[in-house]
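J.: For reference, the structure I am asking about is given below.
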Amino acid sequence: NGAYEILILAPNFDQLSQNQILLLLKWRLLNSFRMHKMSEVFMNYQIYMNMLIDLEHYTLLKEIRREHIQFEAYYKHPSYIQETVVKMHSLDEKDRNFVLAKSMFFHQNYSEVIRLSRFYYKSSSQWLILYLISLDYENKLSELKPILEKADELKHLCNTSKLLISHLKHKYSGDKEQLLSYLRRVILGIKNLTDEYHILDYLMVDSQALFSSLQLYKEAVQVTKNYLPRLKILKQSDADLEIE
């Protein structure tokens, strides 16, 4: 959020060189993708693409297309994503499947996410996150619990995947006191959890349900009060704009 605000304060384009304009557009777009600022994407993406084509910056063109399809995966139907990534020769099979799995995840096709993720979750935190949440949503505990038990053997874990593993371990530990301690200390504490919108949203909804299952309804409500302002900041999309 801070990075985006700094970019907005940059000088007008007529005060910048061509290379400075390209750099500014690139970082505005990358931040807009991350923050789901749709109006900024609509306004700047095609301008940046046209400039790159005119200047024959094909490497940068491939890079921004990869970032853009990742952004579209949140909103576009998996059938559209599949048709699009097949034509993107700059993506290898693993990357194409990840964009497709991401789209399936946000369209709640968790069984397909699980099917695709089985091949890749050990080599990527991004794949692991989609895999674990999808297994939890589908209540596939026979597949989920062995992964949690052997989580120390997994490599390439980012802080977000470590947070998710910890949450699921507490959730399925069977120790109510330990679970309650974790929920009050980490979940209600909320500080330094993650800036990933869908992870924070998952933690909010799941923790509400866990507090409710312990008949701690006031704390279940408190989770919402603590998380909604943070989620609103993270997802700064324009309410009246949608990608068809």
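The values are calculated or read from the model by the stated rules, or taken from the named source; none is laboratory data. Values in this document were obtained by computation on a predicted structure and should not be read as measured data. With ideal geometry, Cβ positions are generated from the backbone for all residues, glycine too; neighbour counts draw on all protein chains shown.
J.: For segment 162-174, enumerate the residues that are in a helix (DSSP H, G or I) and either in contact with a strand residue (DSSP E or B) (Cβ under 9 Å, 6 or more places away or on another chain) or surrounded by fewer than 16 Cβ atoms within 10 Å (Cβ to Cβ) (or both).
T.: Of the residues in segment 162-174, the ones in a helix (DSSP H, G or I) are 162-171.
Answer for segment 162-174, where residues must be in a helix (DSSP H, G or I) and either in contact with a strand residue (DSSP E or B) (Cβ under 9 Å, 6 or more places away or on another chain) or surrounded by fewer than 16 Cβ atoms within 10 Å (Cβ to Cβ) (or both): Lys162, Ser166.
J.: Please tell me if Arg96 is of a type in the set (Lys, Arg) and under 30 Å from Gln20 (Cβ atoms). Don't jump to the end; show me each part of the working.
T.: Working: of a type in the set (Lys, Arg): yes; under 30 Å from Gln20 (Cβ atoms): no.
So Arg96 does not fit the description; no.
J.: Still on this structure, I have one more. Condition (residue is within 22 Å of Gln126 (Cα to Cα), out of contact with any Cys (no Cβ under 7 Å at 6 or more places or on another chain), in a helix (DSSP H, G or I) and among the small types (Gly, Ala, Ser)) applied to segment 69-77: is it met by at least one residue? Don't jump to the end; show me each part of the working.
T.: Filtering segment 69-77 for residues within 22 Å of Gln126 (Cα to Cα) gives 69-77.
Okay, now just the ones that are also out of contact with any Cys (no Cβ under 7 Å at 6 or more places or on another chain), so 69-77.
So of that shortlist, the ones also in a helix (DSSP H, G or I) come out as 69-72.
Checking which are among the small types (Gly, Ala, Ser) leaves us with none.
Within segment 69-77 (the criterion being within 22 Å of Gln126 (Cα to Cα), out of contact with any Cys (no Cβ under 7 Å at 6 or more places or on another chain), in a helix (DSSP H, G or I) and among the small types (Gly, Ala, Ser)), the answer is no, since none of the residues qualifies.
J.: Hey, any hits in segment 82-102 for a residue that's buried (at least 20 other Cβ atoms within 10 Å of the Cβ), part of a helix (DSSP H, G or I) and in contact with a Ser or Thr (Cβ under 7 Å, 6 or more places away or on another chain)?
T.: Checked segment 82-102: at least one residue is buried (at least 20 other Cβ atoms within 10 Å of the Cβ), part of a helix (DSSP H, G or I) and in contact with a Ser or Thr (Cβ under 7 Å, 6 or more places away or on another chain).
J.: If you don't mind, another one. Return the pairs, sorted by first residue and then second, in which the second residue is β-branched (Val, Ile, Thr) and surrounded by 15 or more Cβ atoms within 10 Å (Cβ to Cβ), the first residue lies in segment 214-226 and is in contact (Cβ under 8 Å) with a residue 12 or more places away in the chain and assigned to a helix (DSSP H, G or I), the beta carbons are less than 8 Å apart, and the residues are 6+ apart or on different chains.
T.: Val223/Ile187; Asn226/Ile190
J.: Same structure, new question: In segment 202-234, how many are modelled with pLDDT of 90 or more and either surrounded by 15 or more Cβ atoms within 10 Å (Cβ to Cβ) or more than 24 Å from Leu130 (Cα to Cα) (or both)?
T.: The total comes to 23.
J.: Next up: Which one is nearest to the chain's Cα centre (by Cα) among residues in segment 175-213 that are more than 22 Å from Tyr110 (Cβ to Cβ) and in a loop (DSSP other than H, G, I, E, B)?
T.: My answer is Asp195.
J.: Just need a number here: residues in segment 123-154 that are out of contact with any helix residue (DSSP H, G or I) (no Cβ under 8 Å at 6 or more places or on another chain) and surrounded by 14 or more Cβ atoms within 10 Å (Cβ to Cβ).
T.: Residues meeting the conditions: 1.
J.: If you scan segment 120-135, which residues turn out to be in a loop (DSSP other than H, G, I, E, B) and modelled with pLDDT of 95 or more? Steps first, please.
T.: Residues of segment 120-135 in a loop (DSSP other than H, G, I, E, B): 120, 124.
Within segment 120-135, just Tyr120 meets the criteria.
J.: Among the residues in segment 139-160, are any within 19 Å of the chain's Cα centre (by Cα), more than 27 Å from Lys37 (Cβ to Cβ), of a type outside the set (Val, Ile, Thr) and at pLDDT below 95? Please lay out each step first, then the result.
T.: Initially, segment 139-160 is screened for residues within 19 Å of the chain's Cα centre (by Cα), giving 156-160.
Restricting the remaining residues to those that are more than 27 Å from Lys37 (Cβ to Cβ) gives 156-157.
This time we only want the ones that are of a type outside the set (Val, Ile, Thr), so: 156-157.
Add one more test, that the residue is at pLDDT below 95, and what stays is 156-157.
Within segment 139-160, one or more residues are within 19 Å of the chain's Cα centre (by Cα), more than 27 Å from Lys37 (Cβ to Cβ), of a type outside the set (Val, Ile, Thr) and at pLDDT below 95.
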